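Some notes on the structure that comes next.
The values are calculated or read from the model by the stated rules, or taken from the named source; none is laboratory data. Source: prediction; values computed, not measured. Ideal geometry is used to build each Cβ from the backbone, glycine not excepted, and the neighbour counts take in all protein chains shown. Surface areas here come from the heavy atoms of the whole protein model, side chains and all, with no ligands, DNA or RNA. Shrake-Rupley method; radii C 1.70, N 1.55, O 1.52, S 1.80 Å.
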Amino acid sequence: MLDDPNPQIRIAALEAIANSHDVSLIASLETCLFDPDTSVRIAAIDAFVILGQESSAPALASLLSDPDSSVRHHTVNALGEIGAELAINYLQQAHYDSIENIHENSRAILQELGSAWKDTSRSSE
C-alpha cells in the first residue's frame, strides 16, 4: 500500500505501520520520505517519530534540505523528539535554514535538550 497511486492510501499505510509499533518496518518507510506528495512525506516523518528509533536520524536529516518548508519544520520537530546525539548534530545544521521559524525552532529544541550548542550568529556580528 505504500506505493499505491493514491496519496491518502499511502498515508493510511504509514499510519498503520506507525501504530503497529513494529520497528522492523522502519526500512520500508524510508522511501516514503522522498514521496512526491508533501502530505505523505510528513506522514512518514510522523511514523518515524512514533516508532522512535535513534537510527532513523540520518534518514530524517535528509529532509532538512526538502524544498517544502513544512517538511523541514516537521523534520526539525522529529529530530527533537528523537533527541539522540546524532539528531542533535543534525539540529545544529537546521540553524542555517532560510526560514526564520525553522532555525529558531531548532535553536529552542537544542536548548531544551541541553546540548552544548553555541550561538555562532553573534560571533559573526
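Along the range 57-67 the Karplus relation, 6.51 cos²θ - 1.76 cosθ + 1.60 evaluated at θ = phi - 60°, assigns HN-Hα couplings of 4, x, 5, 5, 4, 4, 8, 5, 10, 4, x Hz to successive residues, with x for each Gly and Pro. Helix 100-113 and the longest principal axis of the Cα set of the chain meet at an angle near 80°. Per residue, the chain exposes 54 Å² of solvent-accessible protein surface, assessed with a 1.4 angstrom probe and all protein chains in place. By the Cα gyration tensor, the chain has an equivalent ellipsoid whose semi-axes, rounded to whole angstrom, run 28, 16, 9 from largest to smallest. Can you give me the angle between helix 69-82 and the longest principal axis of the chain, using Cα atoms only, in degrees from 0 to 90, rounded to the nearest 10? Roughly 80 degrees between the two axes. Annotation for residue 30 and residue 89: the two label points, set 7 Å from Cα along the Cα-Cβ direction, are 1.7 nm apart. Tell me the carbon and sulfur percent of the accessible area for the chain, rounded to whole percent, probe radius 1.4 Å. Ligands and nucleic acids excluded, carbon and sulfur give 50 percent. Along the range 10-24 the Karplus relation, 6.51 cos²θ - 1.76 cosθ + 1.60 evaluated at θ = phi - 60°, assigns HN-Hα couplings of 4, 5, 4, 5, 4, 5, 5, 4, 4, 5, 6, 6, 8, 5, 5 Hz to successive residues, with x for each Gly and Pro.
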